[in-house]
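Enquirer: Dropping the structure in here first, questions after.
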Amino acid sequence: MAGFNVYTEMYWRGEHAKTVLLINGALSTTGAFGQTVKYLEPYFNLILFDLPFAGKSREHNVLGRVVTKEDEVRIILGLIEHFQVNSLLSVSWGGVSAMLALSESPASVERAIISSFSPVINEAMRDYLDNGQAYLAARDKRKIGSLLNDTVGKYLPRLFKLYNFKHLISLAEHEYKQIEFHIEQVRELSAKNYVERFAQIKIPVLFVNGERDEYTTAEDARQFARYVVNSHFVVVPGAGHFLDLESKSAWLASREAALSFLGGEVAVSEYTRLSPSLV
(Lines give C-alpha, C1' and ligand atoms only; values in the text may rest on other atoms or scores of the structure.)
Protein backbone atom coordinates (compact mmCIF):
# COMPACT_ATOMS: atom_id res chain seq x y z
CA MET A 1 0.00 0.00 0.00
CA ALA A 2 1.71 3.17 -1.27
CA GLY A 3 4.80 0.95 -1.53
CA PHE A 4 4.62 -0.13 2.12
CA ASN A 5 3.18 -2.98 4.15
CA VAL A 6 0.67 -1.76 6.72
CA TYR A 7 -0.39 -3.70 9.80
CA THR A 8 -4.12 -3.39 10.52
CA GLU A 9 -6.49 -4.47 13.28
CA MET A 10 -10.22 -4.87 12.72
CA TYR A 11 -13.21 -4.90 15.04
CA TRP A 12 -15.97 -6.16 12.78
CA ARG A 13 -19.71 -6.12 13.40
CA GLY A 14 -20.83 -6.92 9.89
CA GLU A 15 -21.76 -5.34 6.59
CA HIS A 16 -24.81 -3.68 8.16
CA ALA A 17 -22.57 -1.46 10.36
CA LYS A 18 -20.73 1.69 9.30
CA THR A 19 -16.91 1.50 9.21
CA VAL A 20 -14.64 3.96 11.02
CA LEU A 21 -10.90 4.35 10.32
CA LEU A 22 -8.84 5.49 13.33
CA ILE A 23 -5.74 7.56 12.52
CA ASN A 24 -2.88 7.82 15.04
CA GLY A 25 -0.93 10.86 16.09
CA ALA A 26 2.82 11.15 15.47
CA LEU A 27 4.64 7.86 16.17
CA SER A 28 1.67 6.40 18.03
CA THR A 29 0.45 2.86 17.40
CA THR A 30 -2.90 1.09 17.47
CA GLY A 31 -2.47 0.72 21.23
CA ALA A 32 -3.11 4.45 21.69
CA PHE A 33 -6.77 3.89 20.75
CA GLY A 34 -7.51 1.43 23.56
CA GLN A 35 -9.97 3.76 25.28
CA THR A 36 -11.54 4.99 22.04
CA VAL A 37 -12.23 1.45 20.86
CA LYS A 38 -14.20 0.76 24.04
CA TYR A 39 -16.95 3.24 23.16
CA LEU A 40 -16.95 2.80 19.38
CA GLU A 41 -16.82 -1.00 19.06
CA PRO A 42 -20.43 -1.65 20.16
CA TYR A 43 -21.70 0.38 17.19
CA PHE A 44 -19.18 0.37 14.32
CA ASN A 45 -16.73 -1.67 12.33
CA LEU A 46 -13.32 -0.30 13.31
CA ILE A 47 -10.06 -0.26 11.35
CA LEU A 48 -6.82 0.60 13.17
CA PHE A 49 -3.35 0.65 11.62
CA ASP A 50 0.32 1.32 12.30
CA LEU A 51 2.29 3.51 9.90
CA PRO A 52 5.23 1.74 8.19
CA PHE A 53 7.85 3.00 10.65
CA ALA A 54 5.91 2.24 13.83
CA GLY A 55 4.45 -0.56 15.92
CA LYS A 56 3.73 -3.87 14.20
CA SER A 57 4.17 -2.44 10.69
CA ARG A 58 7.87 -1.76 11.35
CA GLU A 59 9.00 -5.39 11.06
CA HIS A 60 7.32 -5.72 7.67
CA ASN A 61 9.08 -2.80 6.00
CA VAL A 62 12.65 -2.02 4.98
CA LEU A 63 12.80 1.73 5.43
CA GLY A 64 15.51 3.40 3.42
CA ARG A 65 13.82 6.79 3.65
CA VAL A 66 11.44 8.68 5.88
CA VAL A 67 7.69 8.41 5.38
CA THR A 68 6.28 11.74 4.20
CA LYS A 69 2.86 13.25 4.84
CA GLU A 70 1.98 12.49 1.21
CA ASP A 71 2.93 8.84 1.82
CA GLU A 72 0.61 8.83 4.83
CA VAL A 73 -2.20 10.30 2.73
CA ARG A 74 -1.79 7.59 0.09
CA ILE A 75 -1.87 4.93 2.82
CA ILE A 76 -5.06 6.39 4.31
CA LEU A 77 -6.74 6.66 0.91
CA GLY A 78 -5.74 3.05 0.20
CA LEU A 79 -7.27 1.88 3.48
CA ILE A 80 -10.44 3.88 2.81
CA GLU A 81 -10.85 2.21 -0.58
CA HIS A 82 -9.92 -1.27 0.64
CA PHE A 83 -12.35 -1.25 3.59
CA GLN A 84 -14.94 1.15 2.12
CA VAL A 85 -14.57 3.39 5.16
CA ASN A 86 -17.51 5.65 6.07
CA SER A 87 -15.90 7.87 8.73
CA LEU A 88 -12.46 8.95 9.93
CA LEU A 89 -11.39 9.70 13.49
CA SER A 90 -7.91 11.18 13.97
CA VAL A 91 -5.95 12.33 16.99
CA SER A 92 -3.32 15.05 17.32
CA TRP A 93 -0.98 15.40 14.31
CA GLY A 94 -2.79 12.55 12.61
CA GLY A 95 -5.21 15.34 11.74
CA VAL A 96 -2.86 16.63 9.04
CA SER A 97 -2.85 13.46 6.94
CA ALA A 98 -6.52 12.77 7.77
CA MET A 99 -7.64 16.15 6.48
CA LEU A 100 -5.38 15.97 3.43
CA ALA A 101 -6.98 12.61 2.61
CA LEU A 102 -10.44 14.15 3.07
CA SER A 103 -9.51 16.96 0.68
CA GLU A 104 -9.28 14.26 -2.02
CA SER A 105 -13.03 13.59 -1.51
CA PRO A 106 -12.92 9.78 -1.10
CA ALA A 107 -16.35 8.59 -2.23
CA SER A 108 -17.27 6.33 0.71
CA VAL A 109 -16.43 8.80 3.50
CA GLU A 110 -19.44 10.62 4.94
CA ARG A 111 -18.03 12.47 7.97
CA ALA A 112 -14.95 12.83 10.16
CA ILE A 113 -13.84 13.64 13.69
CA ILE A 114 -10.53 15.52 14.06
CA SER A 115 -9.33 15.50 17.68
CA SER A 116 -6.68 17.63 19.37
CA PHE A 117 -5.59 19.48 16.26
CA SER A 118 -5.61 23.10 15.12
CA PRO A 119 -4.36 25.06 12.09
CA VAL A 120 -2.17 27.22 14.32
CA ILE A 121 1.38 26.67 15.57
CA ASN A 122 0.99 28.73 18.74
CA GLU A 123 3.72 29.77 21.18
CA ALA A 124 3.31 26.72 23.42
CA MET A 125 3.47 24.33 20.46
CA ARG A 126 6.44 26.17 18.97
CA ASP A 127 8.33 25.86 22.26
CA TYR A 128 7.49 22.14 22.37
CA LEU A 129 8.80 21.66 18.84
CA ASP A 130 11.95 23.72 19.54
CA ASN A 131 12.82 21.59 22.56
CA GLY A 132 12.02 18.41 20.66
CA GLN A 133 14.40 19.36 17.87
CA ALA A 134 17.17 20.26 20.31
CA TYR A 135 16.87 16.99 22.27
CA LEU A 136 16.70 14.96 19.07
CA ALA A 137 19.79 16.65 17.62
CA ALA A 138 21.70 15.67 20.77
CA ARG A 139 19.98 12.26 20.88
CA ASP A 140 19.30 12.93 24.56
CA LYS A 141 16.90 10.05 25.00
CA ARG A 142 15.91 10.80 28.58
CA LYS A 143 14.92 14.36 27.69
CA ILE A 144 13.12 13.08 24.60
CA GLY A 145 11.26 10.62 26.80
CA SER A 146 10.31 13.25 29.37
CA LEU A 147 9.32 16.04 26.97
CA LEU A 148 5.95 14.65 25.93
CA ASN A 149 4.95 13.84 29.51
CA ASP A 150 5.93 17.31 30.72
CA THR A 151 4.02 19.13 27.98
CA VAL A 152 1.17 17.79 25.83
CA GLY A 153 0.90 14.70 28.05
CA LYS A 154 0.99 16.40 31.44
CA TYR A 155 -2.60 15.43 32.32
CA LEU A 156 -2.13 11.75 31.51
CA PRO A 157 -2.31 9.17 34.33
CA ARG A 158 1.03 8.02 35.70
CA LEU A 159 0.84 4.61 34.01
CA PHE A 160 0.44 6.18 30.57
CA LYS A 161 3.36 8.52 31.26
CA LEU A 162 5.54 5.57 32.20
CA TYR A 163 4.60 3.79 28.97
CA ASN A 164 5.33 6.93 26.91
CA PHE A 165 8.75 7.36 28.51
CA LYS A 166 9.78 3.74 27.93
CA HIS A 167 8.51 3.89 24.35
CA LEU A 168 10.31 7.11 23.44
CA ILE A 169 13.70 6.17 24.91
CA SER A 170 13.73 2.84 23.09
CA LEU A 171 13.00 3.94 19.52
CA ALA A 172 15.21 2.81 16.64
CA GLU A 173 17.46 5.36 14.92
CA HIS A 174 15.18 5.55 11.87
CA GLU A 175 12.28 6.45 14.18
CA TYR A 176 14.19 9.37 15.67
CA LYS A 177 14.93 10.51 12.12
CA GLN A 178 11.23 10.16 11.37
CA ILE A 179 10.39 12.42 14.33
CA GLU A 180 12.88 15.03 13.12
CA PHE A 181 11.35 14.95 9.66
CA HIS A 182 7.85 15.11 11.14
CA ILE A 183 8.70 18.25 13.14
CA GLU A 184 10.06 19.92 10.02
CA GLN A 185 6.84 19.11 8.16
CA VAL A 186 4.71 20.42 11.03
CA ARG A 187 6.58 23.72 10.99
CA GLU A 188 5.83 24.09 7.27
CA LEU A 189 2.11 23.47 7.75
CA SER A 190 1.07 26.83 6.29
CA ALA A 191 4.02 27.21 3.91
CA LYS A 192 3.02 24.00 2.11
CA ASN A 193 -0.54 25.29 1.76
CA TYR A 194 -1.94 22.32 3.67
CA VAL A 195 -4.52 24.53 5.34
CA GLU A 196 -5.72 25.91 2.02
CA ARG A 197 -6.18 22.36 0.74
CA PHE A 198 -8.53 21.70 3.66
CA ALA A 199 -11.01 24.03 1.93
CA GLN A 200 -11.74 21.16 -0.49
CA ILE A 201 -13.43 19.21 2.32
CA LYS A 202 -17.22 19.28 1.93
CA ILE A 203 -18.41 16.58 4.36
CA PRO A 204 -19.31 17.37 8.00
CA VAL A 205 -16.23 17.52 10.23
CA LEU A 206 -16.32 17.62 14.04
CA PHE A 207 -13.30 19.23 15.73
CA VAL A 208 -12.82 18.03 19.32
CA ASN A 209 -10.36 19.79 21.64
CA GLY A 210 -9.63 19.65 25.35
CA GLU A 211 -10.53 22.64 27.49
CA ARG A 212 -7.07 22.63 29.12
CA ASP A 213 -5.06 21.85 25.97
CA GLU A 214 -2.73 24.83 25.50
CA TYR A 215 -0.95 23.29 22.49
CA THR A 216 -3.89 22.74 20.15
CA THR A 217 -6.44 25.00 21.77
CA ALA A 218 -10.18 24.95 21.21
CA GLU A 219 -10.00 28.63 20.29
CA ASP A 220 -7.35 28.00 17.63
CA ALA A 221 -9.27 25.00 16.27
CA ARG A 222 -12.25 27.23 15.55
CA GLN A 223 -10.20 28.83 12.80
CA PHE A 224 -10.97 25.70 10.76
CA ALA A 225 -14.40 27.25 10.19
CA ARG A 226 -12.68 29.58 7.70
CA TYR A 227 -11.67 26.60 5.55
CA VAL A 228 -14.04 23.68 6.18
CA VAL A 229 -17.53 24.74 5.16
CA ASN A 230 -19.32 22.12 7.29
CA SER A 231 -17.38 22.50 10.56
CA HIS A 232 -18.65 21.58 14.01
CA PHE A 233 -16.86 22.05 17.33
CA VAL A 234 -16.86 20.38 20.75
CA VAL A 235 -14.77 21.23 23.81
CA VAL A 236 -14.16 18.42 26.32
CA PRO A 237 -14.38 19.95 29.83
CA GLY A 238 -11.32 19.55 32.05
CA ALA A 239 -9.34 17.65 29.41
CA GLY A 240 -5.92 18.34 27.96
CA HIS A 241 -4.43 17.17 24.68
CA PHE A 242 -5.05 13.43 25.11
CA LEU A 243 -8.77 13.64 25.85
CA ASP A 244 -10.25 10.16 26.52
CA LEU A 245 -6.94 8.82 27.89
CA GLU A 246 -6.80 11.34 30.73
CA SER A 247 -9.83 10.71 32.95
CA LYS A 248 -13.18 8.95 33.20
CA SER A 249 -15.06 12.24 32.76
CA ALA A 250 -13.08 13.08 29.62
CA TRP A 251 -13.74 9.56 28.33
CA LEU A 252 -17.48 9.97 28.84
CA ALA A 253 -17.52 13.39 27.18
CA SER A 254 -15.47 12.09 24.24
CA ARG A 255 -17.81 9.11 23.91
CA GLU A 256 -20.90 11.31 23.88
CA ALA A 257 -19.43 13.66 21.26
CA ALA A 258 -18.30 10.82 18.97
CA LEU A 259 -21.47 8.74 19.15
CA SER A 260 -23.75 11.74 18.71
CA PHE A 261 -21.84 12.91 15.63
CA LEU A 262 -21.32 9.48 14.06
CA GLY A 263 -24.81 8.17 14.83
CA GLY A 264 -23.67 5.43 17.14
CA GLU A 265 -26.81 5.20 19.24
CA VAL A 266 -28.37 2.68 16.84
CA ALA A 267 -28.52 -0.74 18.51
CA VAL A 268 -26.65 -3.52 16.71
CA SER A 269 -25.56 -7.07 17.50
CA GLU A 270 -22.41 -8.08 19.36
CA TYR A 271 -19.16 -7.38 17.53
CA THR A 272 -16.61 -9.97 16.47
CA ARG A 273 -12.91 -9.29 16.87
CA LEU A 274 -11.09 -10.44 13.74
CA SER A 275 -7.45 -11.38 13.50
CA PRO A 276 -4.88 -8.67 12.75
CA SER A 277 -3.79 -8.56 9.14
CA LEU A 278 -1.49 -6.91 6.67
CA VAL A 279 -2.88 -5.00 3.68
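The values are calculated or read from the model by the stated rules, or taken from the named source; none is laboratory data. This structure is a prediction, so every number in the text was calculated from the model and none was measured. Reconstructed Cβ throughout: ideal geometry from the backbone, glycine too, with neighbour counts over all protein chains shown. Remember, those area values only see protein heavy atoms, side chains included, never the ligands or the DNA or RNA. Shrake-Rupley method; radii C 1.70, N 1.55, O 1.52, S 1.80 Å.
Enquirer: Using Cα pairs closer than 8 Å and at least 6 residues apart in sequence, work out the relative contact order for the chain, in percent.
Expert: Values: 523 pairs, mean separation 69.1, N = 279.
Result for the chain is 25 percent.
Enquirer: Right, here's the next one. What number comes out for the charge environment of LEU136, summing +1 per Lys or Arg and -1 per Asp or Glu over other residues with Cβ under 13 Å away?
Expert: Numbers: positive: ARG139, LYS141, ARG142, LYS143, LYS177; negative: ASP130, ASP140, GLU173, GLU175, GLU180, GLU184.
It works out to a net charge of -1.
Enquirer: Along the range 3-11, what does the Karplus equation 6.51 cos²θ - 1.76 cosθ + 1.60 (θ = phi - 60°) give for ³J(HN,Hα), rounded to whole Hz, x for Gly and Pro?
Expert: Values per residue, Gly and Pro as x: x, 10, 9, 10, 6, 10, 10, 10, 10 Hz.
Enquirer: Figure the gain on full extension for LYS177 and ARG65 (residue separation times 0.36 nm, minus the Cα-Cα span) and round it to one decimal in nm.
Expert: Values: separation 112, 0.36 × 112 = 40.32 nm, distance 0.93 nm.
This chain segment gains 39.4 nm when fully extended.
Enquirer: Continuing with the same structure: Might you report the magnitude of the Cβ-based charge dipole of the chain about its Cα centre, with Lys and Arg at +1 and Asp and Glu at -1, to the nearest 20 debye?
Expert: Rounded to the nearest 20 debye, it is 380 debye.
Enquirer: Residues of the range 100-130 with the amide nitrogen closer than 16 Å to a label point 7 Å from the Cα of ARG222, along Cα-to-Cβ, please.
Expert: Flagged as within label range: 117-120.
Enquirer: Sticking with this structure for a sec: Which one, SER146, ILE80, GLY95, projects farthest toward the positive side of the charge dipole computed for the chain from Cβ point charges (K/R +1, D/E -1)?
Expert: Selected residue: SER146.
Enquirer: Also, I was wondering about something else. Name the long-range amide H neighbours of ARG13: under 5 Å, sequence gap of 5 or more, or other chain; modelled H, no Pro or chain starts.
Expert: Under 5 Å from the amide H of ARG13: ASN45, LEU46, THR272.
Enquirer: Where Lys and Arg each count +1 and Asp and Glu each count -1, what net charge lies around VAL109 among other residues with Cβ under 13 Å from its Cβ? Don't jump to the answer; show the numbers that get you there.
Expert: Working: positive: LYS18, ARG111, LYS202; negative: GLU81, GLU104, GLU110.
Net charge in that neighbourhood comes out at 0.
Enquirer: Where does the chain land at 222 nm, in deg cm²/dmol rounded to the nearest 500, when only DSSP H runs of n ≥ 4 count, each adding -39500 (n - 2.57), divided by all residues? If you can, show how the numbers build up before the last one.
Expert: On the way: 10 runs with 107 residues, N = 279.
Calculated from helices alone, the mean residue ellipticity at 222 nm is -11500 deg cm²/dmol.
Enquirer: Can you check what the net charge comes to around PHE49, using other residues whose Cβ is under 12 Å from the Cβ of PHE49 (Lys, Arg +1; Asp, Glu -1)?
Expert: Working: positive: LYS56; negative: GLU9, ASP50, GLU72.
Local charge sum for PHE49: -2.
Enquirer: Then there's this: Counting only heavy atoms of protein chains, what accessible area per residue, in Å², does the chain have with a probe of 1.4 Å? Write out the running numbers ahead of the final one.
Expert: Details: 12310 Å² over 279 residues.
Heavy-atom accessible area per residue stands at 44 Å².
Enquirer: While we're here: Springs between alpha-carbon pairs under 10 angstrom, Gaussian network model over the chain: which of GLY153, GLY210, GLY238 fluctuates most?
Expert: The residue that fluctuates most here is GLY238.
Enquirer: Work out the FRET efficiency for TYR163 and ARG187 from their Cβ-Cβ distance, taking R0 = 41 Å, and round it to the nearest 0.05. Intermediate values should be presented prior to the final figure.
Expert: Numbers: r = 27 Å, r/R0 = 0.67.
Plugging the Cβ-Cβ distance into 1/(1 + (r/R0)^6) gives 0.90.
Enquirer: Enumerate the calculated ³J(HN,Hα) couplings along the range 114-131 in order (Karplus 6.51 cos²θ - 1.76 cosθ + 1.60, θ = phi - 60°), each rounded to whole Hz, writing x wherever the residue is Gly or Pro.
Expert: In residue order, the calculated couplings are 10, 9, 6, 9, 8, x, 10, 8, 7, 4, 5, 5, 4, 5, 4, 5, 4, 5 Hz.
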